[in-house]
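The values are calculated or read from the model by the stated rules, or taken from the named source; none is laboratory data. Predicted model, so just to flag it, every value in this text is computed and none were measured. Cβ: placed from backbone, ideal geometry, glycine included. Neighbour counts: every protein chain shown.
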Amino acid sequence: MSTEHPALAYEQVSRRYAGVSALDAVSLTIARGSFVALVGKSGSGKSSLLRLANRLDLPDEGRVLVAGQDVAHVDPIRLRRGIGYVFQNIGLFPHMNVAENIGIVPRIDGRPPIDIAAALERVGLAPDLADRLPAELSGGQQQRVGIARALAGEGKLLLMDEPFGALDPVTRDTLGRTVRWLHDALGLTTILVTHDMAEALLLAERIVVMANGRIVADATPQEMLAGLAGPEADALVAIPRAQARRLSEMGR
């Protein structure tokens with residue numbers, strides 16, 4: 001695929017469920033190497049938009065292109081093998097150990113086995129966890145394994161749907177830093193769906209705000225903080241700002 005194309009593009013994409021519009025003529029282009037956060041209230045269309053990228057769902061109108069190719073014309077299994085996808089509920093196979101979970105994509109793709117120890121160390125886990133089952137790991141460890149599995153396909157597009165939502169604050173912050181480091185170190189294009197505006201501001205270089213199935217703001221964190229992205233973005237930024245102010249007042 002040509003490197004001249006953006007990593008991901010949505011062209012006038014609409015999606016309806018039982019007659020209710022989840023996405024309304026959304027157009028969005030994501031450049032290669034960028035880290036983009038999709039934020040908004042529950043039901044705003046964030047996850048619906050993300051699922052279209054690897055054909056977990058299909059649009060009613062419009063096109064979705066990955067590296068210039070319309071995903072509607074790409075075999076979905078082949079497409080997904082080249083895209084990393086991380087869920088909030090992790091989705092590890094419970095009957096497989098850590099090594100088997102991480103190595104499943106290269107195995108079914110007919111490629112040589114990957115270095116499991118290196119894959120674990122890359123996400124901050126000890127290699128001796130390779131033989132453990134998911135149930136023997138903490139939530140944070142399981143999510144790190146999920147990220148290692150997403151990267152095992154060696155694709156450069158990483159999709160993350162509320163990946164830290166079920167984690168405690170300390171683990172969430174640490175794992176967010178890990179994902180940002182991996183993004184930079186591996187030259188990934190990362191799209192993060194999150195309802196946490198502080199998380200988006202700290203991790204992403206571009207924030208797309210959604211409401212009622214439409215994009216209502218698209219700006220850098222600096223523009224968001226400066227109040228240059230519109231009222232919907234201002235309302236979201238006001239939440240962590242107010243929390244920080246209350247914490248500061250408590251410490252006086």
*Filtering the range 23-44 down to residues that are of a type outside the set (Lys, Arg) and modelled with pLDDT under 95, which residue is surrounded by the most Cβ atoms within 10 Å (Cβ to Cβ)?*
40
*Determine whether residue 69 is surrounded by fewer than 18 Cβ atoms within 10 Å (Cβ to Cβ), farther than 24 Å from residue 207 by Cα and polar (S, T, N, Q).*
yes
*Got a sec? Which helices (runs of 4 or more DSSP H) wholly within the range 34-138 have at least 1 residues that are of a type outside the set (Lys, Arg) and within 21 Å of residue 8 (Cβ to Cβ)?*
46-53, 76-81, 98-108
_Selected residue [closer than 20 Å to residue 48 by Cβ and of a type in the set (Gly, Ala, Ser)] from 213, 176, 155_ = 213
*Could you tell me whether residue 55 is over 20 Å from residue 79 (Cβ atoms), out of contact with any Gly (no Cβ under 7 Å at 6 or more places or on another chain), charged (D, E, K, R) and without any contact (Cβ under 8 Å) to a residue 60 or more places away in the chain?*
no
*residue 191 vs. criteria within 22 Å of residue 52 (Cα to Cα) and of a type in the set (Val, Ile, Thr)*: yes
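For the range 64-77, check the following and say yes or no: at least one residue is within 15 Å of residue 150 (Cβ to Cβ) and not acidic (Asp, Glu).
Keep residues of the range 64-77 that are within 15 Å of residue 150 (Cβ to Cβ), which gives none.
No, every residue in the range 64-77 fails to be within 15 Å of residue 150 (Cβ to Cβ) and not acidic (Asp, Glu).
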*Top-ranked residue of the range 154-181 - restricted to ones that are over 27 Å from residue 239 (Cα atoms) and surrounded by 20 or more Cβ atoms within 10 Å (Cβ to Cβ), ranked as farthest from the chain's Cα centre (by Cα)*: 155
*Scan the range 185-195 for residues that are surrounded by fewer than 18 Cβ atoms within 10 Å (Cβ to Cβ) and closer than 15 Å to residue 7 by Cβ and report the count.*
2
